[in-house]
1. Hey, what angle do you get for helix 31-40 against the long axis of the chain, alpha-carbon based, 0 to 90 degrees rounded to 10?
2. Hey, what's the per residue convex hull volume over the C-alpha atoms of the range 51-107, in cubic angstrom?
3. Within the range 38-107, report the chymotrypsin sites (Phe, Trp or Tyr not before Pro) that DSSP leaves as loop and that have at most 14 other Cβ atoms within 10 Å.
4. Apply the Karplus curve 6.51 cos²θ - 1.76 cosθ + 1.60, θ = phi - 60°, to the phi angles in the range 18-23 and return the couplings in whole Hz, x for Gly and Pro.
5. Could you run the Debye sum over the Cα atoms of the chain, one equal point scatterer each and no solvent, and tell me log10 of I(q)/I(0) at q = 0.19, 0.20 Å⁻¹, two decimals?
6. Which residues' amide hydrogens lie under 5 Å from the amide hydrogen of residue 82, considering only partners 5 or more residues apart or on another chain, with H built in the peptide plane?
7. Residue 18 label point, 7 Å along Cα→Cβ, cut-off 17 Å on backbone N: hits in the range 48-65?
8. Enumerate the amide H contacts of residue 42 below 5 Å, restricted to partners 5 or more residues apart or on another chain; note that Pro and chain-start residues carry no placed amide H.
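Laboratory data are not the source of any read-out in this text; all were calculated from the coordinates shown. Because the structure is a prediction, the values reported are computed rather than measured. Note that we place each Cβ from the backbone using ideal geometry, even for glycine, and neighbour counts take in every protein chain shown.
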Amino acid sequence: MLNFDKGDGLIPAVIQDDDTGEVLTWAYMNRESLSRTIESGQVWFYSRSRQELWHKGATSGNFLNVRRILVDCDGDALLVRVQPLGPACHTGERSCFHCELDNLPEE
């Protein structure tokens, strides 16, 4: 059973390349975005800043095709194993986790 109650109806979803194991990104899902993800086979998120559903790749073409979805032991986080169709990061990097802590870009 999934626990969406801890985060205002949201659950964190870690996105991982199913072939390489590399963590590509993470974001939040609500019940509807998870349902659309399952139905479409592509990742959907819920944008907290825009307060709307977000189909990853709809603008960029860099879709994330779902291979499997795993739930953590507490039911309050997801691991979505995907086949990425292009970079996952909005900067064009393959992964959102491309900056070393001691080498952060200046704002």
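1. With rounding to tens, the tilt is 70 degrees.
2. Convex hull of Cα atoms, per residue: 151 Å³.
3. Counting only loop positions with at most 14 other Cβ atoms within 10 Å, the chymotrypsin sites (Phe, Trp or Tyr not before Pro) in the range 38-107 are 97.
4. 5, 7, 9, x, 5, 7
5. -0.97, -1.06
6. 16, 17, 18, 67
7. Those under the cut-off are 56, 63-65.
8. Sorted by chain and number, the residues that satisfy this are 66.
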